[in-house]
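What follows is a short report on a single structure.
Read-outs: derived from the displayed coordinates by stated rules, not from any lab. For clarity, every value in this text was computed on a predicted model and none was experimentally measured. Positions of Cβ are backbone-derived with ideal geometry, glycine not excepted, and every protein chain shown enters the neighbour counts.
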Amino acid sequence: MTSPTPTPALAEQPKPEVSLNDLLIYMARQQASDLHLKPMRPALLRLQGKLIPVKMDPLKPADLERMLLPVLNNAQREKFDANQSVDFGYGVPGVARFRANVFMQRGTVGAVFRRVPINVLSIDSLELPEAVRELSHLPDGLVLVTGPTGSGKSTTLAAMMMEISETEPLHIVTIEDPIEFLFGDRTAAVSQREVGTDTPSFHEALKNAMRQDPDVIMVGEMRDRETIQTVLTAAETGHLVFSTLHTNNAAQTIDRIIDAFPSEQHKQIRSQLGLVLRGIISLKLVKTKESQLTAAVEILKTTPQIAKMVEDGTTKDILEAMESSVGVFRMQSMNQSLIALLVHQKISYKDAMELSSDPDDLSLKVRKLFPQIEERVRAGGDMAPSYSDFSQITELMDIKRLYEEQESQWRQRLSDKDEELENLRHDLDFLRQQVAQTQSSRSQNDDEVQRMRTENERLRAEAQAKIGQLQERIKELNQKLIAVAPAKK
């Protein structure tokens with residue numbers, strides 16, 4: 001992303017009228033995330049989290065009506081006239097797609113356009129934790145992506161859909177208001193439906209989706225109780241369902257879903273949510289030391305322990321369960337994610353503390369890992385130790401001792417394994433000798449059998465010859481007896 005310096009004129013040649021597409025093209029070139037249009041001010045670009053005015057004349061109400069109202073189709077214009085606000089998708093060919101909201105303010109028309117990149121970034125490109133990929137490949141259940149506005153929910157969800165689309169032969173149905181990212185068919189087939197254009201409502205589209213043979217359903221946002229109930233029901237029927245919510249963490253997400261229903265339904269919804277919920281990904285964007293944006297990511301996976309907490313309503317205990325399950329289930333809290341960014345020197349300690357919703361807990365965790373870090377930061381230093389501070393050497397020596405102990409343990413374990421391998425080699429050699437002896441004995445037995453067969457054949461031939469001789473002798477004697485008998489008569 002480019003630095004938020006004052007911008008030059010919109011075009012090389014001055015134009016009598018600036019069009020909406022001119023502003024959107026310029027916005028894309030500056031890699032701004034949002035374009036704000038309101039009367040009596042120049043257009044505003046959000047660059048690196050800050051609104052920067054474009055060098056142009058202030059926009060008049062008539063200018064905004066000329067720019068904005070013609071891009072609305074008949075249905076969108078009717079919705080705008082009825083509700084004084086309308087969401088829709090807008091594309092500039094070869095540039096980008098935009099998620100737009102046109103609204104009335106102080107009796108005049110205003111708008112905000114959010115830039116949606118044409119190319120969907122992958123999970124690896126976004127540098128998201130591996131657990132996000134794991135949640136993309138679940139067989140069923142509900143996965144939620146949460147965070148404040150502009151935290152990267154849609155981008156993350158699109159990356160997960162692309163992960164599925166590229167690797168699994170499934171049918172993905174998306175229901176969005178408006179459609180932001182465009183997915184082409186890859187290994188999976190993707191059907192994208194836009195509320196207001198392809199379907200009248202989220203609820204109606206979800207009901208219809210059940211008859212469209214889906215494997216994965218993506219709902220752009222769970223906006224109301226009816227949509228939430230339908231999403232839970234869809235997840236219960238064996239589908240993998242993804243959606244988003246505007247919440248700050250996993251526990252708040254669960255409470256927000258429960259509170260959308262009347263109190264007499266809370267027990268039922270808790271039980272239903274504990275059964276179908278598979279994971280929650282909570283996002284916050286933070287500026288890196290290189291003035292880029294990266295995401296701090298909180299990840300919850302529904303283990304039997306957490307499912308029971310959801311059913312029992314003890315969501316206050318979920319954070320501790322998440323933080324204690326990092327190694328086993330790859331869960332992590334927002335503060336743990338911020339610490340990981342600190343350790344990798346992606347963000348500053350000051351930015352981490354400002355972003356954390358519990359800075360005291362973050363401070364405690366960081367000081368356990370990096371003693372005296374806060375004193376160094378207050379003194380104008382950074383996380384790197386001072387070259388003249390011997391206490392840092394003692395800390396390193398303690399760390400070295402721990403590593404040596406670990407290394408000794410691993411060496412002993414390797415020695416034990418080597419001994420086991422040696423014993424197995426001896427056993428294998430013994431078995432090979434036994435097999436060789438057995439084969440040799442078998443060969444000798446085969447030779448003896450062959451010799452006995454040959455001897456048997458020889459004896460049989462001799463016996464046959466003797467039998468033939470005896471038969472000839474008997475025949476001669478019979479002839480002599482026959483000859484003697486008439487002479488006696």
Check your understanding: Which lysines have a Cα less than 18 Å from the Cα of K480, not counting those fewer than 8 places away in the same chain?
Key -> K488, K489
Review point. So which of K38/K350; K316/K368; K38/K346 end up more than 30 Å apart, counting from Cα to Cα?
Key: K38/K350; K38/K346
Check your understanding: Could you put M67, M210 in order, starting from the residue whose Cβ has the fewest other Cβ atoms within 10 Å?
Key -> M210, M67
Review point. In what sequence do E226, E17 fall when counting other Cβ within 10 Å, fewest first?
Key: E17, E226
Review point. Relative contact order (percent) for the range 20-116, with alpha-carbon contacts under 8 angstrom and 6 or more residues of separation?
Key: 27 percent
Exercise for review: Project the alpha carbons of the chain onto their principal axes and report the range along each, largest first, in whole Å.
Suggested key: 161, 71, 61
Exercise for review: Counting only DSSP beta bridges with both residues in the range 191-340, tell me the antiparallel percent, nearest 5.
Suggested key: 70 percent
Review point. What is the extension gain from N445 to W410, computed as 0.36 nm multiplied by their sequence separation minus the C-alpha to C-alpha distance, in nm to one decimal?
Key: 7.4 nm
Practice item. Using per-residue counts of other Cβ atoms within 10 Å, averaged over each peptide, order 233-244, 91-102 from highest down. Key: 233-244, 91-102
Point to revise | the chain, helix-only ellipticity at 222 nm - DSSP H runs n ≥ 4, -39,500 (n - 2.57), divided by all residues, nearest 500 | key: -16000 deg cm²/dmol
Review point. Roughly what would the spin-label model give for V95 and E455, points 7 Å off Cα along C-beta, in nm?
Key: 10.4 nm
Check your understanding: In nanometres, what is the gap between the two model label sites at L424 and K267, each 7 Å from Cα along Cα-to-Cβ?
Key -> 5.5 nm
Revision key, fill the gap. Taking the alpha-carbon centre of each part, the distance from the range 104-160 to the range 270-294 in Å is 10 Å
